[in-house]
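What follows is calculated from the coordinates using simple rules that are stated; it is not laboratory data. Everything numeric here is computed off the predicted structure, so don't read it as measured data. No Cβ is skipped: glycine too gets one built from the backbone with ideal geometry, and neighbour counts run over all protein chains shown.
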Amino acid sequence: MATKTIRKLLLGAALTAAFLFPVARANDDTSVSLCDGQSVMTIPGLKAGEVLTPERARTVAAEMLQVWSKSAGEERWASWKAEAASARPEPAPVAAPGPQTPPAAAAPGQPTKFTKRDLQLWGREEKKWIEDGYKAYHNAKALGGTIGISCDMCHPDGSNTHPETYPKYQQQLKKVALLRDMINWCIENPLKGKPLAENDPTLRAVEAYILSTRKGVALEAGKH
Amino acid sequence: MKKDRFEKYLDDRDAYFGRVARLGRRDFITAAGLAAAGAAATGKLLPHSFQPVDVVRADGPSFRFAYISDSHLYEKTLNERFVRAILKAVDDVNAMNPQPDFVLYGGDLAQLGQPGELGEGAQILKALKAKTYMMVGEHDWYLDMGEKWRSLFGKDTYSFDHKGVHFVVLNSVIVEDYWTGPGLTPMQRMQAMAQLDNPNGRPFTVGAAQRDWLGSDLAKVKPETPVIVFSHSPLYKIYKNWNFWTDDAEQVQTILQPFKNVTVIHGHTHQMLSNRIGNIHFHGMLSTAWPWPYAPQGLPKLTVRMNRADPFDEFDGCGDGFVDVLSAGHVDKQYNLWSRNPVKVSAAYLGSDGAADRPATETDVNY
């Protein structure tokens, strides 16, 4: 499966030249560096702006694959192959809505289009988001704080932030608040910074970190 | 041009420090008074009395000392909030009548061990009318391994006798070296130690050298002499991840075992915290700067928790307090919570394992 994916990728790249970075040109030859950032190969007779025919592109993609696997790719290639071999389809975690297979057929082991690698990829992305939040949470300046106070000073490990209790009527604010409203309140008051926009990536990352510390805790919206 | 909220705040802060700088030591308390008055004017501060309620009892107080702890001062160019708070505590203690026999400072005077932070703290504490005993915390220590702190306040481990009670002050924030290997700079080491929830931290210890010292110091003390130990971290184990913990606590407790009445008073935890292990009563101290949440595990059953602090009141959950040393040897410990009723945790309560004299718990949740 991984081999197939790489082939497709390289073919696409060769066709559109989107992944190819021309590095040198002599006569009508074009030297390109591959997306690994290291391997370089030459496409003879390729002029500037010229689009390869599908047949030619297939040949070029195959050559590129060889160049790549001969260089830095060898090791990763082997690990990807091993990973693909060990990947078993995961049981579907939730039934999709709509008139589908009856529940009896949804036994463990039912094929799904998602693989372990998909899950790993998603996990990595999620982890990065949470880690960005962790950094801002533990840095007095990252949230625009001006007096040396950071979130963790009052809320170690996200404690006493109780994100699972929002939305709730925050009596001190005299209105219903979401977790992000309280993060912004803290930025403005104890941290003496300026509140962040709703779509600010740092605000969203801090929210993600705080929520991650309460994973598995039951929601109790409106709890005091 | 109209100033925004933060610019106005900076103006206020400059004006405040300007007043503090102009005041001599004699008038210093007025500055603290101004801080309190300012807060009261905003309606955020309940007026309270720091004066003790006299209780007539057979096992009466022999003497009283006060405490201030965990002020976490930044240099004043950065932050005045924590300065206001320690000034408020100094004001409280100076207003006590009669004056306490002495004041214990419970550690973490500075936030990042900077000479400017420690110097600022030392200058503020000079305004105390009563004699002050100093204890060190990890925030004071790990920038220069205590060099500046010792130059200002002297030894970090010592003992003294007062009215028939033997007092011991320990440095309980010793951790094994985890900075030389990765080549951390002094500031990186300080910041690592200053992060309570640092997953790469190391547990606090008293350490073999101080345990040996403690053993020999106590060798000349009679078993019936009351012993009161000051340590920054609790000398028992609550929650390792936040260093609400001393790794060699059991070994220290064993050294204290031969004495009939032992009390340990600790800082670091910024909350009401009570425990008893055999002959040893344990009491936490409040922080002037901010309250910590209770740890997710390890809370002793004798602890009467304080309510969650109201973040909209910068003094809620903070405070100072005093200790009445009873003629029988143990102590009644008073938590002077600035925005709440004071709470006393008595020797009778801990001595009876919670059967008698249970402290009042707050039922009115004020946030």
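Spin-label model, residue B:5 to residue B:184: label points 7 Å out along the Cα-to-beta-carbon direction sit 3.5 nm apart.
Loop-located trypsin sites (Lys or Arg not before Pro) across segment B:258-352 with a Cβ neighbour count of 10 or fewer within 10 Å are B:301, with loop assigned by DSSP.
Taking amide H as placed 1.01 Å from N in the peptide plane, the amide H of residue B:263 sits under 5 Å from that of B:227, B:228, B:229, B:281, each at least 5 places away or on another chain. Taking the Cα centre of segment B:66-187 as reference, the dipole from Cβ charges on Lys and Arg (+1) and Asp and Glu (-1) amounts to some 500 debye.
Secondary-structure-derived ellipticity at 222 nm for chain B, considering helices only, amounts to -8500 deg cm²/dmol, per-run term -39500 (n - 2.57) for DSSP H runs with n ≥ 4.
Among A:141, A:174, the order by Cβ neighbours within 10 angstrom, fewest to most, reads A:174, A:141. Charged side chains reduced to their Cβ positions (Lys and Arg at +1, Asp and Glu at -1) give segment B:5-351 a dipole of some 620 debye around its Cα centre. Between residue A:70 and residue A:175, the modelled labels are 6.6 nm apart [label points 7 Å from Cα along Cα→Cβ].
From least to most packed, judged by other beta carbons within 10 angstrom and beginning with the fewest, B:250, B:224, A:188 follow the order B:224, B:250, A:188.
Per residue of peptide A:154-163, the mean number of Cβ atoms on other chains within 10 Å of the residue Cβ is 5.
Normalised by the number of residues in chain B, the mean separation of alpha-carbon contacts (under 8 Å, six or more apart) gives a relative contact order of 15 percent. With the charge dipole of segment B:5-351 set up from +1 on Lys and Arg Cβ and -1 on Asp and Glu Cβ about the Cα centre, the Cα lying farthest toward the positive end among the listed residues B:317, B:295, B:145 is that of B:317.
Taking label positions 7 Å along the Cα-Cβ direction at both residue B:155 and residue B:250, the computed distance is 3.0 nm, reported to one decimal. Ranking B:242, B:192, B:215 by Cα position along the charge dipole of segment B:103-248, where only Lys, Arg, Asp and Glu carry charges on their C-beta atoms, puts B:215 farthest toward the positive end. Rounded to the nearest 20, the size of the Cβ-charge dipole of segment A:118-212 about its Cα centre is 360 debye, with Lys and Arg at +1 and Asp and Glu at -1.
Under a Gaussian network description of chain B, with springs only between Cα atoms under 10 Å, the residue in B:323, B:221, B:165 that fluctuates furthest is B:221. Centre-to-centre, using Cα atoms only, segment B:69-125 and segment B:262-325 are separated by 18 Å. Quick check on my link table: of B:131/B:333; A:128/B:237; A:175/A:215, which ones sit more than 30 Å apart, alpha carbon to alpha carbon? Over 30 Å Cα-Cα: A:128/B:237. The overall shape of segment B:235-292 is oblate: from the C-alpha gyration tensor, with semi-axes ordered a ≥ b ≥ c, the ratio a/c is 1.5 or greater and a/b is no larger than b/c. Inter-chain Cβ neighbour count for B:197-204, averaged per residue, equals 2 (cutoff 10 Å, partner chain atoms only). Going by the alpha-carbon gyration tensor, a ≥ b ≥ c the square roots of its eigenvalues, is chain B rounded (a/c under 1.5) or, if a/c is not under 1.5, prolate (a/b greater than b/c) versus oblate? Here chain B falls in the oblate category. Global size of segment A:118-212: 13.5, 44 Å for Rg and Dmax (C-alpha atoms, Rg to one decimal, Dmax whole). As a proxy for reagent exposure, ranking B:290, B:179, B:149 by other Cβ atoms within 10 Å from fewest up yields B:179, B:290, B:149.
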